[in-house]
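Have a look at the structure below, then the notes.
No value in this document is a laboratory result; all are computed from the given coordinates. Not measured: the values here are computed from a predicted model. Note that we place each Cβ from the backbone using ideal geometry, even for glycine, and neighbour counts take in every protein chain shown.
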Amino acid sequence: MLDVEELRQMHESLVDRWHKQEVDNPYEGVKATICQQHAFNFLLWHEEDIARSPDVGDERIAAVKRAIDGYNQNRNDWIEKIDDAISHWLEEIGMQADETAPLNTETPGSAMDRLSIMSLRLYHLQEQMERKDVDPAHIESVQHKIAVCRLQQADLSQSLEELLDDIRCGRKRHRTYRQFKMYNDPALNPYLYQKAREAA
């Protein structure tokens, strides 16, 4: 269903593309779902940068915090959509793992989310390598971080490839895990529903 190396290249090319133009989604099917999830990570990453800037005023920080909450909610919602797409694909090919087959601690969607974030981290680390205002010690530190991240990316890619193969062959069961984020839900966030009750 998915080639993990193609997924890695897709993540990295989109990060580069979106730093030069508006965020878009040129894909269809499950790739479009993966692209949309990746886009929320991209947007979230850059809002987090603003949130940590010491010269940003309180009003802007409040707006950034709300944007971060929204992007994070969407990020998690679209992890679930990726896992739902895998469930639908398994139904289409008639694959139903035995109930005794093990589950993985992390879903494919969650692993793809981690690969998405890694592509962002590597892009911004590479930016550090191109700075002219830093000393050799900074460059050496960044080179080490890039090497570690590349190793982690390779390990995670291999683990995801193996997980997808296990799911495809019925050696592991697949299930979408619902996040049920409570802080954005006015019916579940105590501060929000108490305020609504007081205003009524």
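At-a-glance table
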quantity: Kyte-Doolittle mean at least 0.0 and Cα axial length at least 15 Å: DSSP H helices in the chain; calculated: 29-51
quantity: Most mobile listed residue (75, 17, 173) in the chain, GNM with C-alpha springs under 10 Å; calculated: 17
quantity: Nonlocal Lys pairs with alpha-carbon distance under 22 Å, the chain (8 or more apart, or different chains); calculated: 9
quantity: GNM result for the chain, Cα springs below 10 Å: residue of 72, 41, 184 fluctuating most strongly; calculated: 184
quantity: Extension gain, residue 179 back to residue 23 (0.36 nm per residue minus Cα-Cα distance, nm); calculated: 53.6 nm
quantity: Estimated FRET transfer efficiency (residue 5, residue 66; beta-carbon r; R0 30 Å; 0.05); calculated: 0.25
quantity: Sites matching chymotrypsin sites (Phe, Trp or Tyr not before Pro) across segment 139-200 that sit in DSSP coil, with at most 12 neighbouring C-beta atoms within 10 Å; calculated: 180, 183
quantity: In nm, spacing of pseudo-spin labels at residue 100 and residue 124 (7 Å Cα→C-beta vector); calculated: 4.8
quantity: Gain upon complete extension [residue 155, residue 92; 0.36 nm per residue less C-alpha separation]; calculated: 19.7 nm
quantity: For segment 38-130, convex hull volume per residue from C-alpha positions, Å³; calculated: 127
quantity: Sequence-separation-based contact order of segment 4-179, relative, with Cα cut under 8 Å and 6+ spacing, percent; calculated: 31
quantity: Local electrostatic count at residue 45 - Lys and Arg +1, Asp and Glu -1, tallied over other residues with Cβ under 11 Å; calculated: -1
quantity: Listed residues 175, 121, 131, most fluctuating in the chain (Gaussian network, C-alpha, under 10 Å); calculated: 131
quantity: Cα centroid of segment 93-110 to Cα centroid of segment 149-181, whole Å; calculated: 9
quantity: Summed residue charge, Cβ within 11 Å of residue 7's Cβ, Lys/Arg positive, Asp/Glu negative; calculated: -3
quantity: (1) 17.8; (2) 15.3; (3) 15.9, with the label sought being that of the calculated mean projected area of the Cα convex hull in nm²; calculated: (2)
quantity: Ratio Rg/Rh [Cα only; Rh per Kirkwood] for segment 105-200; calculated: 1.22
quantity: Label point distance in nm, residue 194-residue 144, each placed 7 Å from Cα along Cα→Cβ; calculated: 4.6
